[in-house]
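Some notes on the structure that comes next.
Values in this text are rule-based calculations from the coordinates and carry no lab data. Predicted, not measured: the structure shown is a model, and the values here were computed from it. Don't worry about glycine lacking a Cβ; one is built from the backbone with ideal geometry, like all the others, and counts go over all protein chains shown.
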Amino acid sequence: MHELSLMEDLVEAVTSEIGDARVHVVRLVVGSEAGASPHALRFCFEVCTHGTALEGAALEIIETSTDELRLAELEVT
Amino acid sequence: MCATCGCGADHEHAHDHDHDHGHDHDHVHPHEHGHHDHSDADRVRTIRLERDLLAKNARLAAENRRRFAEQRVAIFNLIGSPGAGKTALLEAVVPRLKGALPLGVLEGDQATDYDAKRIERAGGRALQINTGTGCHLDASMIETGVRGLDVPRESVVFVENVGNLVCPALFDLGETAKIVVMSVTEGEDKPRKYPHVFRAAQLFVLTKIDLQPMVRLDQERCFAFARQVNPDLQILRVSATSGQGIDAFCTWIQTEATRAFCDARSATTVTP
């Protein structure tokens, strides 16, 4: 489950970025050649955001046929 | 590049998310960075981050690569399923290589120090890394591990990754080369079923070839599959039990380590 450590790093990166804003949507680009499973990423996102500023945010995954694996954008208020 | 569809164009994006406010946009939505000073505090805004999810590991791996070049340490990352014969290969290699150059072994497993003990019994210097629930080694574990081994200049360090063909392929450790290890008792279609690791590796070692008469694996088909996935992949066949191919493997390691030391030397030599 390397998706778990990916999501832990994502939570750390996002919380350091947003200040006191509220995150509604986290949008990722996940390529089919990236070696990470969207299903497992969703599962780990829920686990890792629990009790953080990201709790309750939706995870949107844009699937591509590349090897990209990146955090694209956030929707916040 | 266009971040939403990855198309390579710098076009404006149409947004399909709802904005929770009453007035119209009188501007093209330019994905502003940082803070807006709109009075409407509830307004949804989009922050573009464009961050590689593996950025943290990639940064640590780059630091490792620089540090290992400075220290002239060549790192070989062995990846294979549990039972592929990674530890047995190292047990056969350590006694032969250790007279030629200083060696260290980092053993990755979820639990126990059994493998580090096996390497020590074979005459090697080893440190065990236990990942607990973790399925792979990452760059920070290798930094700590190599520091713990305290090897001299111009050493080789073998990293035996956690038995797993999936996750370790994704994590750059700052290694000199990844080596994928598979045995003749596995399916010949494994390179097709787990292409990421075969694509990331520089060398494919087929182990337990002394068992070939007992099993059905078609080696030529297996190598053809591996080369479909990675045309540059080098291939060696070994048996830790009979010793067949072990010298060729040692020669490969010495050649690649020497190349890494030379590259590091020329990279740090300042030409006037």
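Here are the numbers for the structure shown:
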item: Gyration tensor (alpha-carbon) shape descriptor, region B:40-102, a/c threshold 1.5; result: oblate
item: Computed E for A:Val25/B:Gln244 - FRET, C-beta separation, R0 51 angstrom, nearest 0.05; result: 0.35
item: Cα gyration tensor shape for the protein assembly as shown, rounded if a/c is under 1.5, else prolate or oblate; result: prolate
item: Cα gyration tensor shape of region B:72-268, rounded if a/c is under 1.5, else prolate or oblate by comparing a/b with b/c; result: rounded
item: C-alpha long axis of helix A:38-49 to longest principal axis of chain A, angle in °; result: 20
item: 10 Å Cβ neighbours from other chains, averaged over peptide A:23-36; result: 3
item: Packing-based ranking, highest mean first, of B:161-174, B:189-202, B:210-223 given that Cβ atoms within 10 Å are counted; result: B:161-174, B:189-202, B:210-223
item: Residues B:Val156, A:Val29, B:Val105 arranged by fewest to most Cβ contacts within 10 Å; result: A:Val29, B:Val156, B:Val105
item: Chain A: calculated mean residue ellipticity at 222 nm from DSSP helix runs of at least 4, using -39500 (n - 2.57); result: -12000 deg cm²/dmol
item: C-alpha long axis of helix A:2-18 to longest principal axis of chain A, angle in °; result: 40
item: Region A:2-76: equivalent-ellipsoid semi-axes (sqrt of 5 x gyration tensor eigenvalues, Cα, Å); result: 20, 13, 10
item: Region B:216-255 versus region A:14-77: alpha-carbon centroid distance in Å; result: 40
item: Whole-angstrom gap from region B:78-100 to region B:123-144, using each part's C-alpha centre; result: 16
